[in-house]
Structure formats: C-alpha cells, structure tokens
1. On the basis of being over 30 Å from Ile54 (Cβ atoms), among the aliphatic types (A, V, I, L, M), more than 11 Å from the chain's Cα centre (by Cα) and surrounded by 17 or more Cβ atoms within 10 Å (Cβ to Cβ), does Ala277 make the cut?
2. Which helices (runs of 4 or more DSSP H) sit wholly inside the range 1-98 and have at least 1 residues that are without any contact (Cβ under 8 Å) to a residue 12 or more places away in the chain, surrounded by fewer than 21 Cβ atoms within 10 Å (Cβ to Cβ) and not charged (D, E, K, R)?
3. Please name all residue pairs, on different chains or six or more residues apart, with Cβ atoms under 8 Å, provided the first residue is in the range 160-183 and is at negative phi and in the same structural domain as Arg36 (by TED's automatic domain parsing) and the second residue is surrounded by 15 or more Cβ atoms within 10 Å (Cβ to Cβ) and aromatic (Phe, Trp, Tyr).
4. Given the conditions (1) part of a loop (DSSP other than H, G, I, E, B); (2) among the small types (Gly, Ala, Ser); (3) within 16 Å of Gly51 (Cα to Cα), and given that Gly179 satisfies all but one, which numbered condition is not satisfied?
5. Does the range 226-246 include one or more residues that are of a type in the set (Ser, Thr, Tyr) and either at pLDDT 95 or above or over 23 Å from Phe48 (Cβ atoms) (or both)?
6. Being touching a strand residue (DSSP E or B) at 6+ places or on another chain (Cβ under 6 Å) and of a type outside the set (S, T, N, Q) narrows it down to one residue among Tyr67, Tyr110; which is it?
7. For the range 239-248, does any single residue satisfy the condition of being in a loop (DSSP other than H, G, I, E, B), among the basic types (Lys, Arg) and within 30 Å of Val73 (Cβ to Cβ)?
8. Quick one: in the range 271-306, which of the residues that are of a type in the set (Ser, Thr, Tyr) and modelled with pLDDT of 75 or more is nearest to Pro205 (Cα to Cα)?
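The values are calculated or read from the model by the stated rules, or taken from the named source; none is laboratory data. Because the structure is predicted, anything quoted here is derived from the model rather than measured. Every residue, glycine as well, gets a Cβ built from its backbone with ideal geometry; the counts of neighbours run over all protein chains shown.
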Amino acid sequence: MVHGKRWNLLNTLFLTGTLALAVVLVPWRLATSGLRWSEALVFAAMIFAVGTAISGGYHRLFSHRAYKASWPVRFLFLCFGAAAFENSVLKWSSDHRVHHQHVDTEKDPYQIGKGFWYAHWTWVMEAKELPLAGVADLEKDPLVRWQHRHHFLIGAVVATIPLWIGLATGNVLGHLVFGVVLRIVMTHHTTFFINSAAHMFGSRPYTDANTARDNWLLAPLTYGEGYHNFHHLWQWDYRNGALWYQWDTTKWLLNVLGWMGLVGQFRRVPEAAMTRARLHMEEKRLHERLSLASPGVATPMRDRLAAARLKLDTALGALHDRHEAWQAKKAEWRAKGLAEAWREAKAERRAALALHRAELRMAWAEWKAARLEVRSALVYA
C-alpha cells in the first residue's frame, strides 16, 4: 500500500496506525476494564476542546476571518488545534481557502468528484505537497508563525494531557486508550466528514452551484459544521447553523465569549439575503416541476409565481432597509444621549416594523398559495 512515489509515508502510517490502534485497543479495554467515568469525562473534554479549536479557530477565525478574537483566545485555539494533528493553522487555512476558491474542480485539494474516500482522507496520504497560497494575512500574525514552526510539538504536549491525568489518578492505560488514541481518531474523522459526507449527502437549500450540502446529522459531530451548503455560499459568516434551531455549539460558545468581551466583530449575512437564496432555490425547483406540465397550465402559474416572488422580494427589502436604518439611528441617538428622542425613535420603529411585517405576512401567503398551486398542477392537470 505504501509506495514512495504516491504515498506520504508519515501521514499514511499516522492515520492508519492510530485507526488500527483504536479498533484493537478500545474494544479490548471495554471488555477487560469497562469505561470509567473519569475516562469518559476526559475524553469528552478533550474531543470538544480540540474539535472546537478546529471549528472556531482553524476554520472560522483563521481561514475565513469571520470574527475578531483576543490573543488569549487565539493562543488557546492554536494550541488545541495543533492537537488535532491536521497540520499547522497556516497550512490548514491555505488548503481550505484553495478548496473554497476552486471547489469541485481539479484545483480543489479534496475534490469530492474523485470519490468519497479521496475527499475524506486519501488526499492527505498522497505524496504531493501543496504550496502555501493566499495566506499572506495570516503570515503577519506572530502567534500563527510560532504555531507553524512548532505545531507538532505543541500538538503532542496538548494531546498528552490525558496521560498526565492518568498518572495523577493511577490510570494511565485507560486515559491513553480513550483520551489519546480514540480522541485523535475521532477528531480526524469528524473533521474529514465535512470534506466527504457534507459534499455528498444532504440538502442544498441555498445554492446548487457546488456540491456542498446541509446535513443536520453531521452538525452535532462537527460542532456545528454540518450546514455546509450555507457555509459555501457565505463562508465569511461566523455561524454555520445560522437559524436559531440549528445545532452549532461553536456559534454558541463564540456568543458567550463575545458577551465576555473576548471576541467580537462577528460577520453575519443579512436574514433577507438568506431568505432570498432559499426562495431562489425553491422557485427553481417549482419551475422544473412546471416544465412537465402543458403550456396552457404552466404559463399562468409561472406568471403567478413571478408576481408572488416580486411582492415577497419587495417586502423583504423593505424590512431589511428598515433594520439598517434603525441601526444607524440607534447609534446616532445613543451618541447624542438624548433620552426622549431615543424613546420616540423606538416607538417609531415599532410602528414601522409592525407595518412591514404585516406586508411580509401577506406576501408570504401569496407565495405559499402560488407554490401550492404549482405543486398540485401535475396531479390535477
């Protein structure tokens, strides 16, 4: 299997070796000693800390600049991210930015078109060395440069924290099996699932311009990274699960850190833009359905869809403009410190929002009625 001209010997042995160790040692340990609460606790803490460092640090902070972070947060993300053993943040971000720039093409480092397993981990085991590209901004950061030089040593120190706990509690072997070996394997493959499964299984509610998909099953395993269709359209948003009910522990943690003043300047896509993208995809599917109907049935329905879409776009635009105007006015009145004017501005906003929301409800009702008619067309035509 390992061939000098094709395979990177170190990467191949590390990835397959840790997996083989986990497959052998975990069942053996469970059969002989069971799972102690301290082993489970340390394993959970380590996998969450390292996985969140990849999601919130390597990915959203460093690769996409989705928010700003204080140096202690950046330092912790760099240290625990190194313990994933997925290279330095500089190299990781370089590969990831190239992936976004050239997704689904030959220049994509982990192109899903070459197969599930290639995108999952075979690309890491290949002997080719991808040069750093598009990370000049990161190279200016002294913490990033430090981690790039010493990432393997940093990762080794952090990854062996469970061993020190094992020494202190007299249970080195248990913490080695679960806290080190199993944790490394789980971190690898939950990260790799975003490159493979999230480009093959799931829905595309926002765009079909690429293979990225939203997969709610992956979200709990990847600290919120499962909403990949959203992410590929708005990669600069600090959220992956942008809707309130979508699982995104990284987003929730960042919100807590923001409340504490440790991170900030979160970048968010406007809600109106998200809704428009979903509408565009829904309208596209409805038109595909209408293409199967006769012209006499399809033409008036297309006209009705277009009219409903225009009304909904107008209502969404008005609500978005009102929100932007309110943010500007809020900043202005707060700066002036005029309490009475501030109360008047809030009352004016409430009245305007009530009007815009009523218009939006009516527009949604028209769109849903038009959508229902199209969906029923082929049944009754």
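1. Considered against the rule, which asks whether it is over 30 Å from Ile54 (Cβ atoms), among the aliphatic types (A, V, I, L, M), more than 11 Å from the chain's Cα centre (by Cα) and surrounded by 17 or more Cβ atoms within 10 Å (Cβ to Cβ), Ala277 comes out as no.
2. In the range 1-98, the matching helices (runs of 4 or more DSSP H) lie at 9-33, 37-52.
3. Pro162/Phe43; Pro162/Phe178; Phe178/Phe43; Gly179/Phe43; Leu182/Phe43; Arg183/Phe43
4. In the conditions (1) part of a loop (DSSP other than H, G, I, E, B); (2) among the small types (Gly, Ala, Ser); (3) within 16 Å of Gly51 (Cα to Cα), Gly179 misses (1) alone.
5. yes
6. The unique qualifying residue is Tyr67.
7. Checked against the condition, which is being in a loop (DSSP other than H, G, I, E, B), among the basic types (Lys, Arg) and within 30 Å of Val73 (Cβ to Cβ), the range 239-248 yields at least one hit.
8. Checked the range 271-306; the qualifying residue nearest to Pro205 (Cα to Cα) is Thr275.
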